[in-house]
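Working notes for the structure below.
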Amino acid sequence: MTSLFQKATDDFSLQPVDDTFRLLNVDSKNGLSETDVRQRQIDYGLNQIINQEESTLQRILKRFWGPIPWMIEIAAILSAVVGKWEDFIIISVLLLINAGLDFFQEHRALNALNALKSQLDTQVRVLRDGKFQSVRSQELVPGDIIRLRMGDLVPADVQLVTGDYLSIDESSLTGESLPVSKRSTDVAYANTIIRQGEMDAIVVNTGQQTRFNNVVSLVASASENEHSHFQKMVLQIGHFLILLSLAMVTLIVITGLSRHEDMLELARFALVLLVAAIPVALPAVLSVTMAVGAYKLAKHKAIVTKLTAIEELAGVDIFCSDKTGTLTKNEMQVMDILPFNGTREAALMRAAVLASRSENTDPIEIPLFRYIKDNFADSDWSQWQQTHFTSFDPSRKFTSASVNKADEKMEVFKGAPQVIMAMVTNLTDNDITSLNQQINLLASKGYRTLAVAQQRENQPHEFLGLIPLIDPPRDDSKQVIDEMRERGVEVKMITGDNIAIAREIGHMLGLNKRAVQSKQITGKSGQEIKELASGLAQAIYKRLNPDVSFKQAKQFADEVMTDLESIYDTSLLETEFIHTHESALLDMLESIEIFAEVLPEDKYMIVEALQKSDHIVGMTGDGVNDAPALRKADCGFAVSNATDAARAAADIILTAPGLSVINQAIEQARFTFERMKSYATFRIAETIRIILFMTLSILIFEFYPITALMIILLALLNDLPILTIAYDNTYQSPTPVRWNMHQLFIISSVLGLAGVCASFLLYLFLREQNLDNDTIQTLIFLKLLIAGHSTIFVTRNNGWFWQKPWPSPLLLAATLGTEIIGTLMAVNGIFITAVSWQYAGFMWLYALVWFVIDNAIKIGIQHSLFNHSPTKTKLTA
């Protein structure tokens, strides 16, 4: 596809309509011909979002490409070669499950793009060959003249041509809570909704060139090459265990060959040991743990679409939230009305609703009707009848109506205060001054203020008062934010609304720190860059001198700015100062609680910048404009009234109004995280315990401590019951948690080495008893089984095993049950050499003694190396 010209949509608003017609070579009376349309469709392409997607086959095959898949596939192939079909089937099923989960996650990202693309496919009235006709929006090309009416979805980026005005709802694209009035020469964007008015417009950009496409591109880019912290953790553990297992198995094979052992038996043993040691089940077990967490969240009306979001949410330390429709109700509400000079409140509201029409569903008028019904049910407003109504016009800035009741008649007016005040006669200069002060005060707080007047028959116009409106916070928003702070999560509000509205809503919600306009962070004008540089100078000075006051930092910044302005021009100021001090910019972003007047690109940038500063970022939103940031965030929430695009881009979808479920989700995520950490520690320790003990026994003592069959039995009896850890009772951290791989590997490695020492001491003791090798192998098998299950009770909490929270009955039953099964197999000689009950009892005693020792070792490491103590919050089973 090629473009005939490159011109951004906003640039068209700066030029006359006639220039646009000439640029696009269009006859304003007849529109384009069918020949022109076909040629332009070739030049510009269809009016649709094109995304180069991989084929389904490519998406499936790439799930089986990589270090961990390679190792699992090799193990499966070798199992088939030596005829171990049971191993082959189990390994293959686990591989397919892991690939399927990953495929599903990518499928969610593609759904986000498809939801965005589907919104462009509508019917539109277009002027071609001198007459209007209905065509699919996909067939539009630059230069098409279209007609837009109330209720229409703008199908492409357009410049308005003829007609009075349009009131356009841009909330899904910009986050603005109120419709925007536009007239001739203004531009309107694809995927916005016409609320009022009718105008003709000329298409200036379609498909890939629309502003809407920027949102789609951001969603796509946010979906590429993004790995969750969970996925990174699994890769690190997987690579560590794979390399360790390969190294140990290689030593065993080389040693065996040097001793001229049977090649087939050696290969079979090495294969089984490798299969048992590779963490094939690690992703599956952790996914089951997260799936249980997702199931519990579903009971709280939160649908998890991406399992890894459970783990990500546990570590979220900054929560960014859209305002309109998320923290607020997305519906205007009348606040404390201000009657003028003794006017009754009921009379003020009566005139306001009589100057409105409920069937217009105007977002400004709906709250007026709601307010009078709730507060003045006995008012006589419903007895009045409209005989004439004049709708809002941007040039007039007010609505008016002729109304009557019986023999009484009057005119009523509502609209912009300055316009209404200018038409009345009952205001003195002092009144006007006082009213302007009230209006300015309300505006500074973000209120949209209506003035109301009336004119009785043969009487002058009479000013009745002011009606402030605002989109109020949801009833539970402040409580949600307070609870997040108690959990160590900082909340930031990001909105497309102007800064006055954002600041007022923020104060209602307890967000009282710094509020900025987006252009102060992303703007490129000289003044904006200077303001940003001054803020950066303060941040840098505070970082270098933590004890100085903000006043001193400001003085330093002023001095720095004076020097910089004398040396650098604007562009140098940007490149030499801001880019050099990116870390200070990130520090400044952290200090801001309210971002106002943001575009979708800005939301994406803010989330990305916070992530660069090593934060795990959560995000809530409801509109198309939120979709890129929802996808980019580590954990994205789509609220109950969200658009399809926001839902498809989010990781968790709320199905009930309000945000209180988010804190329940954070709580559940932290419980789930602790369970996953327990299992990961257990899995590493057990792999080290078995693979290292086996290798050293073969190398040093030329003795195989357990048989290949025992290895398979051990793997089955170990991993299957451990799945029940997903239902275990555990701690909830009072602060955000994340994977500390350094600590995880140290604790698990030390526990693994302690197990190796315990196994060698047992082996040396059993040799002194002059037992045959088969009996020693059975006893070591029993010890490894009991000690292995005991390890999970060491890793499942931060303290001693007897401290609360105690293990869940299901975990106890599963682990003790398999230990008993293993004991019965050893005593009765099922698949292995039989041993006496006395020796079996001794193995239990020996394993339990080391269980206490291991617990002491773990606590010692936590206190000495990590200064770590257990939290006190317990999960109620």
Taking a crude spin-label model, label points 7 Å out from Cα along the C-beta direction, the Arg149 to Glu590 distance in nm is 5.6 nm
With R₀ set to 35 angstrom, the calculated FRET efficiency between the beta-carbons of Arg22 and Phe389, to the nearest 0.05, is 0.30
Going from the fewest other Cβ atoms within 10 Å to the most, one would list Phe673, Phe64 as Phe64, Phe673
Residue span Val135 to Arg259: 0.36 nm per residue of separation minus Cα-Cα distance leaves a gain in nm of 36.5 nm
Length gained, Thr361-His863, 0.36 nm per residue minus C-alpha separation, equals 174.3 nm
Between Leu32 and residues 5 or more places away or on another chain, the pairs with built amide H atoms under 5 Å apart involve Asp129, Ile145
Residues meeting the amide H criterion for Glu198 (H placed from the backbone, H to H distance under 5 Å, 5 or more places apart or on another chain) are Asp164, Tyr165
P(r) of region 334-470 over all Cα-Cα pairs, 5 Å bins starting at 0, rounded to whole percent, reads 2, 10, 21, 25, 22, 13, 5, 1, 0
Relative contact order of region 334-470 (C-alpha contacts under 8 Å, at least 6 apart) in percent is 28 percent
FRET efficiency (Gln664, Gln418; Cβ distance; R0 60 Å; to 0.05) is 0.80
Per the 1/(1 + (r/R0)^6) rule, R0 = 60 Å and r from the Cβ atoms of Thr35 and Ile746, FRET efficiency to 0.05 is 0.20
Percent relative contact order for region 670-785, counting Cα pairs under 8 Å at least six residues apart, stands at 47 percent
Among GluC sites (Glu not before Pro) in region 366-471, those in a DSSP loop whose Cβ has at most 10 other Cβ atoms within 10 Å are Glu457
Phi-derived 3J(HN,Hα) across region 232-237 with the Karplus relation (6.51, -1.76, 1.60, θ = phi - 60°), rounded Hz, x for Gly and Pro, is 5, 5, 4, 4, 5, 5
For His461, the residues 5 or more places away or on another chain with a placed amide H closer than 5 Å to its own amide H are Thr425
Given pairs Lys323/Lys612; Lys492/Lys858; Lys323/Lys677; Lys299/Lys677; Lys373/Lys478 and cut-off 30 Å on Cα-Cα distance, the over-length ones are Lys492/Lys858; Lys323/Lys677
In nanometres, the difference between 0.36 nm per residue of separation and the alpha-carbon distance of Ile432 and Leu845 is 139.5 nm
Distance in nm between Leu753 and Arg514 label points, each 7 Å along Cα→Cβ, equals 4.7 nm
Listing His863, His615, His461 by rising number of other beta-carbon atoms within 10 angstrom, fewest first, gives His863, His461, His615
Measuring from its Cα centre, region 334-470 shows a charge dipole (+1 at each Lys and Arg Cβ, -1 at each Asp and Glu Cβ) which, in debye to the nearest 20, is 280 debye
Listed with the fewest Cβ neighbours within 10 Å leading, Cys635, Cys757, Cys320 appear as Cys757, Cys320, Cys635
Along principal axes, largest first, the alpha-carbon spread of region 719-877 in whole Å comes out as 54, 32, 23
HN-Hα couplings for region 673-689 via Karplus (6.51, -1.76, 1.60; θ = phi - 60°), in whole Hz with x for Gly/Pro, come out as 4, 4, 5, 5, 5, 4, 5, 4, 4, 4, 5, 5, 4, 5, 4, 4, 4
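Read the figures in this text as sums done on the coordinates, not as results from a lab. Just so it is clear, the structure is predicted and the values come from calculations on it, not from any experiment. So basically every Cβ, Gly included, is an ideal-geometry build from the backbone, and we count neighbours across all protein chains shown.
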